[in-house]
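Notes to accompany the following structure.
No value in this document is a laboratory result; all are computed from the given coordinates. This is a predicted model, so every value here is computed, not measured. Neighbour counts are summed over all protein chains in view; Cβ atoms, including those assigned to glycine, are modelled from backbone coordinates with ideal geometry.
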């Protein structure tokens, strides 16, 4: 789980061009959610196949949904007027990434009521949402004639 978010965090370094205090605060909330994730995972693994599996599954899915929501908070904070985004990025690329992150977050949230009704299905939905971000992400696209130089690409 943590590795999937690390990969995405590393990838997003190619998209964000700058930071500010409030972005840092939101990022700290995201990192707090990441630090907490091993605990619901452990509880879920420990109670898998027991009478407490349902409660452990809800805890896991809620923790993953919280992490997804903090990721979206970072994205939505950075987005207005491209406050923190690389201004050379193509608008269609940013829309594509907003859809990808948004759909994954909504699925994570939707997995909460599902996990209450059918614990293993809800957990599967939540875990698949995270696993999706282990796949290679789209290469950032830029406005015509505004691509970064090779030196910039190497630094990111």
Under the definition of Cα pairs under 8 Å and six or more residues apart, what whole-number percent is the relative contact order of the range 2-155? 30
Write down, largest first, the equivalent ellipsoid semi-axes of the range 1-49 in whole Å, where each equals the square root of 5 times an eigenvalue of the alpha-carbon gyration tensor. 28, 13, 5
Determine, from the Cβ-Cβ distance of residue 35 and residue 121 and an R0 of 22 Å, the FRET efficiency 1/(1 + (r/R0)^6), rounded to the nearest 0.05. 0.20
Using a 7 Å offset from the Cα along the Cα-to-Cβ direction at both residue 99 and residue 46, what is the distance between the two label points in nm, to one decimal? 4.2
Can you tell me the orientation of helix 38-47 relative to the chain, as the angle in degrees between its alpha-carbon axis and the longest Cα principal axis, to the nearest 10? 30
In degrees, nearest 10, the alpha-carbon axis of helix 53-78 is tilted away from the dominant principal axis of the alpha carbons of the chain by 10
Radius of gyration and Dmax over the Cα atoms of the chain, both given in Å: 17.3, 60
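Sort the following peptides by mean Cβ neighbour count (other Cβ atoms within 10 Å, averaged over residues), highest first: 67-80, 126-139.
67-80, 126-139
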